[in-house]
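Here's the structure we're looking at; comments come further down.
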Amino acid sequence: MNDFFYRKLLVYQQAINQVKSIYTLTKTFPIQEQYGLTDQIRRAVISIPSNIAEGMGRNSIKERIHFLEIANGSLHETMCQLEIAHALAYITDDDLANNESEMTNISRLLAGLKKSLEEKANKNNINKR
């Protein structure tokens, strides 16, 4: 068994790509934001693939679902911070729209994976009866 199978998940791969995008984007933020918004948004976006990986490393479906929910929360936190960066004129309308599109796609993939795991859990529960 491949212990790091989560690497093959499209949602994980896209979350990693989003981390790279956010790092590139935040390089343009003002220096005074280095320990403020820049750090916060980077931590939030890193949390998305990190929680996917941690969840998939768990043995129980319930725990996997829990970590996917945390990843989704981090995704929403990142989106909020992008909106703040936009309001402060640190990013353009296009930057916001492009990132929102990517984040929406990741959110859908997370929801699909969660649904798949929930169906598997329900099937397991039916088989145990």
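The values are calculated or read from the model by the stated rules, or taken from the named source; none is laboratory data. Quantities reported herein were computed from a predicted structural model and do not represent experimental measurements. Ideal geometry is used to build each Cβ from the backbone, glycine not excepted, and the neighbour counts take in all protein chains shown. For the accessible areas, the whole protein counts, side chains as well, though only heavy atoms, and no ligand, DNA or RNA atoms are used. Shrake-Rupley method; radii C 1.70, N 1.55, O 1.52, S 1.80 Å.
Considering segment 1-29, the residues that are basic (Lys, Arg) and assigned to a helix (DSSP H, G or I) include one that is nearest to Leu82 (Cα to Cα), namely Lys20.
Scanning segment 18-28 for any residue that is under 15 Å from Leu110 (Cα atoms) and out of contact with any Pro (no Cβ under 6 Å at 6 or more places or on another chain) turns up at least one such residue.
The number of residues in segment 74-129 being under 21 Å from Gln40 (Cβ atoms), open to solvent by 60 Å² or more (accessible area, probe 1.4 Å) and acidic (Asp, Glu) comes to 4.
Contact map, segment 51-77: residues that are within 16 Å of Lys115 (Cβ to Cβ) paired with residues that are crowded, with 21+ Cβ neighbours inside 10 Å and charged (D, E, K, R), Cβ distance under 7 Å, separation 6+ or inter-chain. Pairs shown: Gly55/Arg64; Met56/Arg64.
In the condition set (1) closer than 18 Å to Lys20 by Cβ; (2) not in a helix (DSSP H, G or I), Thr78 is compliant with all but (2).
Taking Thr78, is it touching a helix residue (DSSP H, G or I) at 6+ places or on another chain (Cβ under 6 Å) and closer than 25 Å to Glu33 by Cβ? It is true that Thr78 is touching a helix residue (DSSP H, G or I) at 6+ places or on another chain (Cβ under 6 Å) and closer than 25 Å to Glu33 by Cβ.
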